[in-house]
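J.: Supplied in structure tokens, the structure appears directly below.
The values are calculated or read from the model by the stated rules, or taken from the named source; none is laboratory data. A quick note: this is a predicted structure, and the numbers were derived from the prediction, not measured. So basically every Cβ, Gly included, is an ideal-geometry build from the backbone, and we count neighbours across all protein chains shown.
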Amino acid sequence: MSYIALSDHDKKEMLARLGAASTDDLFCCIPEASRLRRDLDLPAAMPEPELLRHMEGVAARTTYGKYRSFLGAGAYHHFIPAVVDALSSRGEFVTPYTPYQPEVSQGTLQVIFEYQALICQLTGMDIGNASLYDGASAAAEAALMAQRLTHRPRILVARSLHPQYRETIHSLTKNLGFIVEEVGYGDCGGLKSADLRAKMGPDVCGLVVQSPNFFGVVEDLAPISAIVHEHKALFIVAVAEGISLGMLEAPGRLGADIVCGEGQSFGLPTAFGGPGLGFIGCKKEFLRQLPGRICGMTKDVDGKRGFVLTLSTREQHIRREKATSNICSNQAWCALRATIYLETVGQSGLREIASQNVQKAAYAAARLSAVPGVTRRFSGKTFNEFVLELPKNATAVAGALKAAGILAGIELGPIYPELPHTLLVCVTEVKTKEAIDGLASALEEVLR
């Protein structure tokens with residue numbers, strides 16, 4: 001198929017139909033401060049050999065392996081078995097995109113079907129889908145589901161929900177007349193029940209709470225569910241650290257109506273912030289409002305097993321405004337890696353990995369809070385992250401530790417002004433006792 005660009009006449013006609021004077025008018029919603037009014041700062045085109053040498057030089061400047069990292073906050077460093085890379089890099093898997101003629105893509109459909117089954121097992125939900133970008137977009141889609149299902153204009157989100165998840169919910173709902181209101185957290189770091197009760201009402205479509213939350217605290221989901229359901233609203237649980245589902249009770253068994261989250265921990269590396277893998281599961285009665293895709297298993301006329309695309313909700317497949325999703329990336333390769341990872345480690349292996357996260361994080365929390373002047377900010381039970389309160393400016397402390405080759409954690413002050421001098425520290429199964437002790441010694445030296 002040839003690509004024929006629009007002529008200037010075509011562009012003028014289209015702009016006139018839209019009532020716009022110029023192409024720039026189409027982007028008037030973008031604040032001026034966010035616009036780039038210059039060319040990108042990129043070098044001129046290079047011949048391929050020269051470009052390869054240039055990129056090798058750039059790669060040599062990376063800091064991979066230079067720092068001991070204790071960063072988390074939604075992207076986690078876990079061990080990835082070699083089989084995940086080996087199988088997911090096979091040509092049969094890396095070449096397909098989205099199954100526009102699904103029934104001829106039996107391998108792709110089978111992987112998606114297995115992935116959905118795994119998500120259902122982990123979340124305790126009846127139905128799991130495929131095709132969400134990341135945990136933040138999954139949380140926003142879950143919020144939109146709640147509004148469509150209840151026709152109520154207000155949704156509550158926990159302040160302890162990942163800040164990027166909250167921002168994405170705001171971004172995708174702000175032009176829909178949707179009111180987003182935050183519910184505070186208590187001294188334990190978990191959701192403040194009194195604040196939740198005060199803000200619930202007949203106009204609330206649901207509550208989005210994260211567990212373990214952004215501070216690493218495991219929420220007590222059952223009592224929260226009871227409060228939400230008293231008002232016939234929907235209870236949405238977001239899970240940013242998928243490995244926690246290897247140990248914690250599935251949210252669906254604790255009263256969640258919709259469970260969404262991030263699957264990056266299942267075989268995806270922390271590669272410059274991506275890619276992510278959003279997942280979402282729900283009760284079967286909410287099927288028609290679930291975004292993404294659902295693959296099913298059936299039998300053909302000869303009685304042989306086959307896989308079909310049971311539900312596809314994007315705007316290319318159904319009437320535009322009737323779509324429950326406009327997600328255009330299948331994310332099937334990321335889901336493939338998650339499927340290989342989960343089926344490789346198995347149920348007992350996932351539980352063991354989760355147990356190592358809990359134990360090593362508990363050791364780190366005790367070791368670090370024993371440093372003079374350092375205390376735990378929250379008293380709630382945690383999984384693999386915890387918040388430390390420092391006696392000095394957190395930015396200065398983190399900078400000094402970085403100079404010593406340690407990325408000690410995320411400074412919370414810029415995100416949560418009410419939490420100055422605090423650091424969010426993450427410890428996963430890949431961290432050794434030596435690395436944790438080294439962080440404690442370096443922190444003590446910096447604070448001396």
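J.: Residues P251, P223, P202: which one is surrounded by 24 or more Cβ atoms within 10 Å (Cβ to Cβ) and at negative phi?
T.: Details: P223 fails: surrounded by 24 or more Cβ atoms within 10 Å (Cβ to Cβ); P202 fails: surrounded by 24 or more Cβ atoms within 10 Å (Cβ to Cβ).
Result of the check over P251, P223, P202: P251.
J.: Search the stretch 3-19 for residues that are assigned to a loop (DSSP other than H, G, I, E, B) and pair each with any residue that is at pLDDT 90 or above and surrounded by 10 or more Cβ atoms within 10 Å (Cβ to Cβ) when their beta-carbon atoms are under 8 Å apart and the residues are at least 6 apart or on different chains.
T.: Correct list of pairs: L6/M14.
J.: Does the stretch 377-395 contain any residue that is surrounded by fewer than 22 Cβ atoms within 10 Å (Cβ to Cβ), free of Cβ contacts under 8 Å to residues at least 60 places away in the same chain, in contact with a Gly (Cβ under 6 Å, 6 or more places away or on another chain) and farther than 13 Å from S69 by Cα?
T.: Yes, the conditions are met somewhere in the stretch 377-395.
J.: Out of V84, V157, I need the residue that is touching a Lys or Arg at 6+ places or on another chain (Cβ under 8 Å) and assigned to a helix (DSSP H, G or I). Which one?
T.: Values: V157 fails: assigned to a helix (DSSP H, G or I).
Residue meeting the stated conditions: V84.
J.: Shifting gears a bit: Quickly run through the stretch 235-277 and pick out the residues that are charged (D, E, K, R) and assigned to a loop (DSSP other than H, G, I, E, B).
T.: E241, E249, D257
J.: When you scan the stretch 285-296, do you find a residue that is of a type in the set (G, A, S), in a helix (DSSP H, G or I), touching a residue at least 60 places away in the same chain (Cβ under 8 Å) and crowded, with 17+ Cβ neighbours inside 10 Å, even just one?
T.: Keep residues of the stretch 285-296 that are of a type in the set (G, A, S), which gives 292, 296.
Still in the list and also in a helix (DSSP H, G or I): none.
No.
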